[in-house]
1. Does the range 254-274 contain at least one residue that is out of contact with any Lys or Arg (no Cβ under 9 Å at 6 or more places or on another chain) and over 29 Å from Gly10 (Cα atoms)?
2. Select from the range 82-98 the residues that are closer than 18 Å to Ile16 by Cα and out of contact with any His (no Cβ under 8 Å at 6 or more places or on another chain) and list them in ascending order.
3. For the range 211-229, which residues satisfy the criterion of being under 16 Å from Arg293 (Cα atoms) and crowded, with 16+ Cβ neighbours inside 10 Å?
4. Could you say whether any residue in the range 37-46 is part of a loop (DSSP other than H, G, I, E, B) and away from the ligand (no atom under 16 Å from the Cβ)?
5. Before we move on, is Asn269 touching a helix residue (DSSP H, G or I) at 6+ places or on another chain (Cβ under 9 Å), without any contact (Cβ under 8 Å) to a residue 60 or more places away in the chain and either within 11 Å of the ligand (Cβ to nearest atom) or not in a helix (DSSP H, G or I) (or both)?
6. Examine the range 199-209 for a residue that is closer than 30 Å to Lys160 by Cβ, at pLDDT 95 or above and not hydroxyl-bearing (Ser, Thr, Tyr), and state whether such a residue exists.
7. Give the residues of the range 10-36 that are in a loop (DSSP other than H, G, I, E, B), over 15 Å from Val150 (Cβ atoms) and more than 14 Å from the ligand (Cβ to nearest atom), sorted by residue number.
Amino acid sequence: MKNITVIGSGTMGNGIAHVFAQNNYTVNLIDVNEDALNKAIETIGKNLDRQVTKGTLTEAEKSSTLANIATFTSLKDAASNADLVIEAASENMAIKLDIFKQLDEICPAHTILASNTSSISITKIASVTKRPEQVIGMHFMNPVPVMKLVEIINGFKTSKQVSETIVNLSKAIGKVPAEANDFPGFIANRVLLPMINEAIISLQEGVGTVESIDTVMKLGMAHPMGPLQLADFIGLDVCLAILNVLYEGLGKDKYAPSPLLVNMVTSGNLGAKSGEGFYKYTIGSKDLVVSDRFKS
Ligand code: CAA
């Protein structure tokens, strides 16, 4: 396993490329245009600089990491030589199915096809290929260079051998794998999103303020971020999409997304990426400022 192709150069894709390149894998990073790719390389450079500043990486290692990444806008050029493809495109079923259909045609017979999806069924993705036993989920956590976990999702037909290969590969890049079977939300989001949803319902019902809810969970449960800040960090649209997968896939009212979350997404308040969610975000500032709407 040497050549890794990463599809999508957004937050997750550039983090995945960063980690593989730092561990001496050859990475082909692909996106739809050069602007997105240039931005991704700039982000990887900045994140490598944090490691250099901290003394956990040398300048030479930073240079070799960047040299291990080549960028592409053609799927055929990026994936025809891949041992493993990790798709980290938008969380959109139609887009993912189209990508996997193309990959199945382009890639050599031995190539393993992985998706970084946070909640779309691996079995469904695998069903559009002629190699469902070689399709698997590799769900990295944000920020990818920092978070240790890779949730590995075995689809209905994923072979034991492919699963073992991906478990070992995850360890080789310094991550800790945890395996899940392919049910809505897998493990991570089956457990995380109901907690976030309950925090939003608690805010909606006036049980607590943004600050008190997040403080209780940060200091009371030793979470690095409170659930409302984490929701902003993940993206409120992503949280809503995952809750809808849980609600539709498991058919229980307890997964119904909070109406407040639905309203915020409908209004374009998507969290950190849109500049406002439960908190307000200013570029360059690390201060946590509660959104005016939720000020007590
Ligand atoms: N890339 C690389 N390194 C980064 C980084 C990034 N994007 N962001 C932060 N870091 C590093 C910093 O350099 C720093 O490193 P050291 O400890 O080695 O000095 C460390 O991470 C901590 O960063 P900061 O001091 O800037 O900030 P912090 O202490 O507030 O930590 C955080 C930031 C790591 C994001 C922390 O708040 C945290 O762990 N939050 C929870 C993250 C989480 O739960 N992620 C999972 C989200 S769910 C998901 O991804 C899956 C899904 O499907 C929805």
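The values are calculated or read from the model by the stated rules, or taken from the named source; none is laboratory data. This one's a predicted model, so the numbers in the text were calculated from it and none came from an experiment. Methodologically, a virtual Cβ is constructed for each residue, glycine included, from the backbone with ideal geometry; neighbour enumeration extends over all protein chains shown.
1. For the range 254-274, residues out of contact with any Lys or Arg (no Cβ under 9 Å at 6 or more places or on another chain) and over 29 Å from Gly10 (Cα atoms): present.
2. Passing the criteria: Ala82, Leu84, Val85, Ile86, Glu87, Ala88, Ala89, Ser90, Glu91, Lys96.
3. Glu211, Ile213, Leu228, Gln229, listed by residue number.
4. No, the range 37-46 has no match at all.
5. yes
6. no
7. Asn24, Asp31, Val32, Asn33
Residue-by-condition table, conditions (1) farther than 24 Å from Ile99 by Cα; (2) assigned by TED's automatic domain parsing to the domain that holds Pro259:
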{"residue": "Val128", "(1), (2)": "no, no"}
{"residue": "Glu151", "(1), (2)": "no, no"}
{"residue": "Phe156", "(1), (2)": "no, no"}
{"residue": "Ser163", "(1), (2)": "no, no"}
{"residue": "Asn168", "(1), (2)": "yes, no"}
{"residue": "Lys175", "(1), (2)": "yes, no"}
{"residue": "Gln204", "(1), (2)": "yes, yes"}
{"residue": "Asp214", "(1), (2)": "yes, yes"}
{"residue": "Lys218", "(1), (2)": "yes, yes"}
